[in-house]
Every structure is written in C-alpha cells, then in structure tokens.
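What follows is a short report on a single structure.
The values are calculated or read from the model by the stated rules, or taken from the named source; none is laboratory data. Given the structure is predicted, the values throughout are model-derived calculations rather than measurements. Glycine also receives a Cβ, built like all others from the backbone with ideal geometry; neighbour counts cover every protein chain displayed.
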Amino acid sequence: MSFAAMSFQASLFDNPTRPLFSGPILLIELLWAVVLIVGLWKMFEKAGQPGWAVLIPLYNAYILLKVARRPGWWLLLYLIPVVNIVIVIIVAIDVARSFGRSAAFGFFLNFLLFGIGYAALGFGSAQYQRVVAFAATR
C-alpha cells in the first residue's frame, strides 16, 4: 500500500465525514441548497410572503406554516423528536394542497424529495389559493 493511500485511510479514521464535505459531493450539496433556496423563494413570493424569509432560520419555517395555513405555535412541534417528522409531512401536504396539488405531490415531492416539489410549485403554473378549498377533503 502506498503512502498516499495509507495517509487517506488514516485521514478517514480522523474524520469519517471528510468525503461528504469535499470534492464533487460538496458541489452537489451546494447545488441542491441553491435549488432549495431559489425554489422556496419563488414559492413564498407566489403565496404573497416575502421571498427573503427563506434565508432566515426558524422564520422560514414560520412562513411555511403560514403558507400551509397552520397556526404559528406549530413551530414548537418542530422541536419534538418524532413528532417533527409527522409535522413536516402534514405541512408538506398542506402546502401542496394550498397550491391546488394532490397530497401525493406533497408527500413525494415536498417531503421525500425535499426541494424539488417546492421548486416545482414556485416555477410551475400552480397558483396559490387564498381561500381554503381543500377543507372538505380532510
């Protein structure tokens, strides 16, 4: 084994997360973050909220709750383990429904592929529905 290979292997033992924060993986992560930020920005603007809110932690979650027509105190539910996963799913589905999309769209694109669905809502033809049109379907 060469010295370079042993050195790389030793560096992995020092910091096993090093490959996640270097090289092409870092570039992919940064591109994903840009897609998420730009998509949420456009979606917030379509919903009549300030787009810059996506850049402020916790405030962006509060604005997302407003877009989903959920109370602001649900922000506290994001802090409870396991409950937060359920809340994220509910909010993702409600955001999709607020734009006239299905619950499946909300679950798969907004929750499982986080970022893709929000970008599709922001850049797509979906319009934010100010009146609760989906209350009877719950």
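Scanning the range 117-137 for residues that are of a type outside the set (S, T, N, Q) and at pLDDT 90 or above turns up 117, 118, 119, 120, 121, 122, 123, 124, 126, 128. Residue check: residue 88 meets all listed conditions (1) touching a helix residue (DSSP H, G or I) at 6+ places or on another chain (Cβ under 8 Å); (2) over 20 Å from residue 109 (Cα atoms) but one, namely (2).
Take the residues of the range 46-69 that are in contact (Cβ under 8 Å) with a residue 60 or more places away in the chain and of a type in the set (A, V, I, L, M, F, W, C): which is nearest to residue 122 (Cα to Cα)?
At the first step, the residues of the range 46-69 found to be in contact (Cβ under 8 Å) with a residue 60 or more places away in the chain are 46-48, 67, 69.
Those left that are additionally of a type in the set (A, V, I, L, M, F, W, C): 47, 67.
Numbers: 47: 9, 67: 12 Å.
Among residues in the range 46-69 that are in contact (Cβ under 8 Å) with a residue 60 or more places away in the chain and of a type in the set (A, V, I, L, M, F, W, C), the one nearest to residue 122 (Cα to Cα) is 47.
Taking residues in the range 70-83 that are closer than 18 Å to residue 57 by Cα, and partners anywhere that are hydroxyl-bearing (Ser, Thr, Tyr) and surrounded by 10 or more Cβ atoms within 10 Å (Cβ to Cβ), the pairs with Cβ atoms closer than 8 Å and at least 6 places apart or on different chains are 72/62; 75/62.
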